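The values are calculated or read from the model by the stated rules, or taken from the named source; none is laboratory data. Remember, predicted model here, so these are calculated numbers, not experimental data. Every residue, glycine among them, receives a Cβ derived from its backbone with ideal geometry; neighbour counts consider all protein chains shown. Just the protein is used for accessible areas: all its heavy atoms, side chains included, with ligands, DNA and RNA removed. Shrake-Rupley method; radii C 1.70, N 1.55, O 1.52, S 1.80 Å.
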Amino acid sequence: MKVEAHVAKSRRPFIPWAQTRHGTNYRYSCIQTHYIDSTEISKVFHSRSLSANSEAATMEGLPKLQVALVFSILLIFLSSSISSSSLQDIQIVNAERRIDLSSHIIRVYLTLKVENTGASPASEILVAFPPTQAENIATVKGAATAGKRKKKTYVPLTVTPTTLPDAPDGVQFYSVALLNPLKPGETVTVEVLYVLTRSLEPFPEEISQSEPQLVYFRDSAIILSPYHVKEQTTFVKTPSNKVESFTRVEPTNRAGAEIKYGQYDNRTPYSYSPILVHFENNSPFSVVEELVREVEISHWGSLQITEHYTLAHAGARHKGVFSRVEYQSRPSISGVSSFKQLIARLPPRVHSVYYRDGIGNISTSHLRTSNSKSELEIEPRYPLFGGWNATFVIGYGLPLEDFLFESADGKRYLNFTFGCPLVNTVVDKFTMKVVLPEGSKDPSAIVPFPVEQHLETSYSYLDVVGRTVVVLEKKNVVPEHGIPFQVYYNFNPIFMLAEPFMLVSVFFLFFVACVTYLHMDISIRKL
């Protein structure tokens, strides 16, 4: 049995992790693999134990902190060796990656056929990302596949961020947990979807009204992986055939809007080959810099939603003077990278919809409803070019019985959809506020992905103690985050009578005051 450890020096080729914009200056990181037999490790620990017994008196005089430090170093060395050994037990038989660059939200579909070549079962598969992509990852999803073509089935897998003690600096890892441990000699096919935001660089950075938008995309022709990869292929799909240039890593072929890299055979772990694709992309680079959604629950039968948007165009900045006449007379040429329409997908049975900005109500909106969905088409007061922004508010009401339920233990819970309703939009900072009825206790939120949570208190009309607000915050939100979440709370129905009782009390006191005033004699008389 061999255990893999890592030392500082290397004889392997350097791995470029970052590339400058106008040149080929790279920052390098390197690793060398050194093999140590397990019997040698046992001899080392045996000799250490003998020396420890012979120098017991000396060890007693040392501070306890030094002794703990020695043993912690030994444990770190042993754990890193074991993790490296487990990586050698897995190899990727075939890897296929498809990169979709049709919009400013990049979706990558990765199919891995994994084989266990070791002597013990494997329970997880690691997926690696270079430092240039780690900070732009919005979500990573995994699924196990079975069957072929139309009969293929997908079973979701748990994906969690993880770390490796001996990995190159800056590399981000995600662990994909398998449904069943992969036995020695067996293979399994795993599909991974990950979404990248703000990974397209406009070049040039400024364009005029009549110019198209060109962007850069940087990646690697070879899949970054901690495992040995026998066969791999990468497909890059652009929005159109208008590709200015792309890096060639033979074999490389281009057919229309698709660029194929590979097939590449027998690549060692952490192999990397940077590529750069320069192409035209005029899709709307709509980014919501901040979205605050407030969901107010009323047990009297309604659910009121208010959404505050700060929208921006994150593409190449507009330069020069904007001509409204040219924009309207030549819509297919002038302002091709701008956008003036947005579609918000709302829940069915929506009512009381309004759309306004800081000036007032905007009438350029259209609502289409059906039994299954509702779509609100909105137009800002002006088209958005690169670097421009707009602020507006969308509000609507929903029937309470479609979203509020009662659990088996007697708790009430709200089942609502997370994320932004605007189609194909990235949200830099998303804040969801669920305002519970007054008198609610023990609130808790269940969200299927990590978010920041805290509680607030808000006051509305006729409130006495205030309403509990469950606040959920998340950054880098994409359409894939538009999945249901739940907020549980306890509520005593007697609190529903609080507001009617206060109204009755106010009217009663007002009536008593009026009667008292009418029966009072406040005229001035002589004594």
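Residue under question is Ile333, and the condition is that it be assigned to a loop (DSSP other than H, G, I, E, B), of a type in the set (A, V, I, L, M, F, W, C) and without any contact (Cβ under 8 Å) to a residue 60 or more places away in the chain; does it hold? Step through it out loud before you land on a result.
Details: assigned to a loop (DSSP other than H, G, I, E, B): yes; of a type in the set (A, V, I, L, M, F, W, C): yes; without any contact (Cβ under 8 Å) to a residue 60 or more places away in the chain: no.
No; evaluated as a whole, the condition is false for this residue.
Take the stretch 434-459 and flag every residue that is in a loop (DSSP other than H, G, I, E, B) and without any contact (Cβ under 8 Å) to a residue 60 or more places away in the chain.
Hits for the stretch 434-459 are Gly439, Ser440, Val447, Pro448, Pro450, Val451, Tyr459.
When you scan the stretch 190-226, how many residues do you find that are buried (at least 19 other Cβ atoms within 10 Å of the Cβ) and more than 23 Å from Arg107 (Cα to Cα)? Outline the logic, then answer.
At the first step, the residues of the stretch 190-226 found to be buried (at least 19 other Cβ atoms within 10 Å of the Cβ) are 190, 192, 194-197, 199-200, 202, 207, 209, 213-215, 217, 219-226.
Next cut, more than 23 Å from Arg107 (Cα to Cα) only: 207, 209.
Selection size over the stretch 190-226: 2.
Which is under 16 Å from Ser225 (Cα atoms), polar (S, T, N, Q) and either open to solvent by less than 50 Å² (accessible area, probe 1.4 Å) or modelled with pLDDT under 95 (or both), of Thr132, Thr139? Talk me through it step by step, then tell me what you get.
Values: Thr139 fails: under 16 Å from Ser225 (Cα atoms).
Result of the check over Thr132, Thr139: Thr132.
Of the conditions (1) open to solvent by 20 Å² or more (accessible area, probe 1.4 Å); (2) more than 28 Å from Ile275 (Cα to Cα), Thr162 satisfies every one except a single condition; which number is it?
All conditions are met except number (2).
Could you please find all residues in the stretch 280-307 being under 30 Å from Gly386 (Cβ atoms), in contact with a Leu (Cβ under 7 Å, 6 or more places away or on another chain) and part of a strand (DSSP E or B)? Working first, answer last.
In the first step, residues of the stretch 280-307 are kept if they are under 30 Å from Gly386 (Cβ atoms); the result is 280-293, 306-307.
Now drop any that are not in contact with a Leu (Cβ under 7 Å, 6 or more places away or on another chain), which leaves 280-281, 286, 288, 307.
Glu280, Ser286, Val288, Glu307, listed by residue number.
Can you tell me which residues in the stretch 348-368 are crowded, with 16+ Cβ neighbours inside 10 Å and at pLDDT below 85? Full working, then the answer.
Taking the stretch 348-368 and keeping what is crowded, with 16+ Cβ neighbours inside 10 Å, we get 350, 353, 355, 362, 365, 367.
Within the stretch 348-368, Ile362 is the sole residue that qualifies.
Taking the stated definitions as given, is Leu87 in contact with a Pro (Cβ under 6 Å, 6 or more places away or on another chain) and in a helix (DSSP H, G or I)?
The answer is yes for Leu87.
Checking Ser440 against (1) open to solvent by 50 Å² or more (accessible area, probe 1.4 Å); (2) under 26 Å from Ser407 (Cβ atoms); (3) modelled with pLDDT under 90, which single condition isn't satisfied?
Checking Ser440 against (1) open to solvent by 50 Å² or more (accessible area, probe 1.4 Å); (2) under 26 Å from Ser407 (Cβ atoms); (3) modelled with pLDDT under 90, the one that fails is (1).
What number of residues in the stretch 140-152 are closer than 17 Å to Thr187 by Cβ and part of a strand (DSSP E or B)?
Looking only at that region, the number is 5.
Take the residues in the stretch 493-527 that are closer than 23 Å to Gly466 by Cα and either touching an Asp or Glu at 6+ places or on another chain (Cβ under 7 Å) or loosely packed, with under 10 Cβ neighbours inside 10 Å (or both); name whichever of them is modelled with the highest pLDDT.
My answer is Pro493.
Among the residues of the stretch 142-157, write down those that are of a type outside the set (Ser, Thr, Tyr) and either outside the structural domain of Glu115 (by the TED database) or at pLDDT below 85 (or both).
First pass over the stretch 142-157, keeping only residues of a type outside the set (Ser, Thr, Tyr): 142-144, 146-152, 155-157.
Hits for the stretch 142-157 are Ala146, Gly147, Lys148, Arg149, Lys150, Lys151, Lys152.
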